[in-house]
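The values are calculated or read from the model by the stated rules, or taken from the named source; none is laboratory data. From a predicted model like this one, the values you see are computed outputs, not experimental measurements. With ideal geometry, Cβ positions are generated from the backbone for all residues, glycine too; neighbour counts draw on all protein chains shown.
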Amino acid sequence: MAEGHFRVEHDGAIAILTHARGAKRNALTAGTLRQLQGIAEQLREEPGIRAVIIRAEGADFSVGMDIGGMGSGGDAAATPQAPVVQARRTAELGARLMRALREIPQPTICAVQGIANGGAACIATACDFRLGSRDARIGYGEVRLGINLMWQALPLAIQAVGLARAKRMVMTGALFDAATLLDWGFFDEIVPPEALDAAARRWAEAFVALPPVAVQMIKRSANAWAGALDQAIMHADADQWLLASRTDDFGEAVSAFFARRTPQFTGN
């Protein structure tokens, strides 16, 4: 079954969600976020599914939001030129997606190859388990565009790697290699690129063999405990984006990206 940029396959009790926009390095758009949210919500209504794999075609899991699409098409409402009321609603798309992914009852396994940056790193962080190919590199690159990490994803990054390491990742926007992230606890396992799909299936099959009611209750309780204050504390990250996206530094970062030059930030 195809759902926009996604392909959804059912293999027995395993659902496999594939981001199939490899020609664009699986760059994310507002439409992509809505599609994935809809799929995640649909999975809640499929009791026969006991494990979910999220993967992507091509060399990269996803390079993050499609900067080249800013100001056009489905992402136009997310640009600083949009009316503030609409920009804020669109800025909350990511947080709604993250909640939908976290609320999938079944165990979720994310298989990451190549680069997973920005929103793609957030999607991986929202999953229960993360497997990486040895060439995987993960980063939260928003700061390099002069904006904050959104999608209420900061608490999940902290839970994944700890406070200091999460600060390092989010505040620098750098890409970190698979071996480092395995040591930090972000990845649960790393494997050769050609073995990634098989490893994800192995993890999924292990959960399929377990009693689903108990597994899903444990997941729900663990997530509720770990994220008890997340939404209360992070509710304003969309408003932080509205401020940051209207700074001169944001405009400079986007201009520098398209001109392939080093941006010069002023703090304005």
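A few comments on the model shown:
- Checking each residue in segment 109-147 for being in contact with an Asp or Glu (Cβ under 9 Å, 6 or more places away or on another chain) and in a helix (DSSP H, G or I) picks out GLY119, ALA120, LEU145.
- Of ALA20, ALA40, all but one fail to be of a type in the set (Gly, Ala, Ser) and closer than 16 Å to CYS122 by Cβ; the exception is ALA40.
- Residue within segment 239-247 that is β-branched (Val, Ile, Thr) and farther than 26 Å from ARG89 by Cβ present: no
- Just so you know, in segment 57-101 the residues that are among the charged types (D, E, K, R) and buried (at least 21 other Cβ atoms within 10 Å of the Cβ) include one that is modelled with the lowest pLDDT, and it is ASP75.
- Residues that are part of a strand (DSSP E or B) and either surrounded by 15 or more Cβ atoms within 10 Å (Cβ to Cβ) or charged (D, E, K, R) (or both) within segment 9-27 comprise GLU9, ASP11, ILE14, ALA15, ILE16, LEU17, THR18, HIS19, listed in sequence order.
- If the condition is being part of a helix (DSSP H, G or I) and either among the hydrophobic types (A, V, I, L, M, F, W, C) or surrounded by fewer than 18 Cβ atoms within 10 Å (Cβ to Cβ) (or both), then segment 202-215 contributes ARG202, TRP203, ALA204, GLU205, ALA206, PHE207, VAL208, VAL213, ALA214, VAL215.
- Residues that are touching a Ser or Thr at 6+ places or on another chain (Cβ under 6 Å), closer than 30 Å to GLU46 by Cβ and either of a type outside the set (D, E, K, R) or modelled with pLDDT of 95 or more (or both) do occur in segment 196-213, at least one of them.
- From the list ASP197, ASP183, ASP239, the one residue that fits, being free of Cβ contacts under 8 Å to residues at least 12 places away in the same chain, part of a helix (DSSP H, G or I) and either over 15 Å from LEU145 (Cβ atoms) or in contact with a strand residue (DSSP E or B) (Cβ under 6 Å, 6 or more places away or on another chain) (or both), is ASP183.
- Which listed residue is farther than 30 Å from GLY38 by Cβ and in contact with a Lys or Arg (Cβ under 7 Å, 6 or more places away or on another chain), from ALA126, ALA174, ALA178, ALA164: ALA178
- Matching residues, segment 242-268, being outside any helix (DSSP H, G or I) and of a type in the set (Gly, Ala, Ser): SER245, GLY267
Yes/no per residue for (1) without any contact (Cβ under 8 Å) to a residue 12 or more places away in the chain; (2) of a type outside the set (Val, Ile, Thr); (3) out of contact with any Phe, Trp or Tyr (no Cβ under 8 Å at 6 or more places or on another chain):
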| position | (1), (2), (3) |
| --- | --- |
| GLU92 | no, yes, yes |
| ARG102 | no, yes, yes |
| THR108 | no, no, no |
| VAL112 | no, no, no |
| ALA120 | no, yes, no |
| ASP128 | no, yes, yes |
| SER133 | no, yes, yes |
| GLN152 | no, yes, yes |
| ILE158 | yes, no, yes |
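- Number of the condition not met by MET150 [criteria: (1) in a helix (DSSP H, G or I); (2) within 26 Å of PHE257 (Cβ to Cβ)]: (1)
- Candidate set from segment 218-256 (those that are β-branched (Val, Ile, Thr) and surrounded by 15 or more Cβ atoms within 10 Å (Cβ to Cβ)); member that is nearest to the chain's Cα centre (by Cα): VAL254
- Restricting ARG168, ARG137, ARG144 to residues that are over 24 Å from TRP225 (Cα atoms), without any contact (Cβ under 8 Å) to a residue 12 or more places away in the chain and not hydroxyl-bearing (Ser, Thr, Tyr) narrows the list to ARG168.
- Look at (1) at pLDDT 95 or above; (2) surrounded by fewer than 18 Cβ atoms within 10 Å (Cβ to Cβ); (3) assigned to a loop (DSSP other than H, G, I, E, B) and you find that GLN106 fails only one, number (2).
- Sole residue being of a type in the set (Gly, Ala, Ser), touching a Gly at 6+ places or on another chain (Cβ under 8 Å) and in a helix (DSSP H, G or I), chosen from ALA164, ALA160: ALA160
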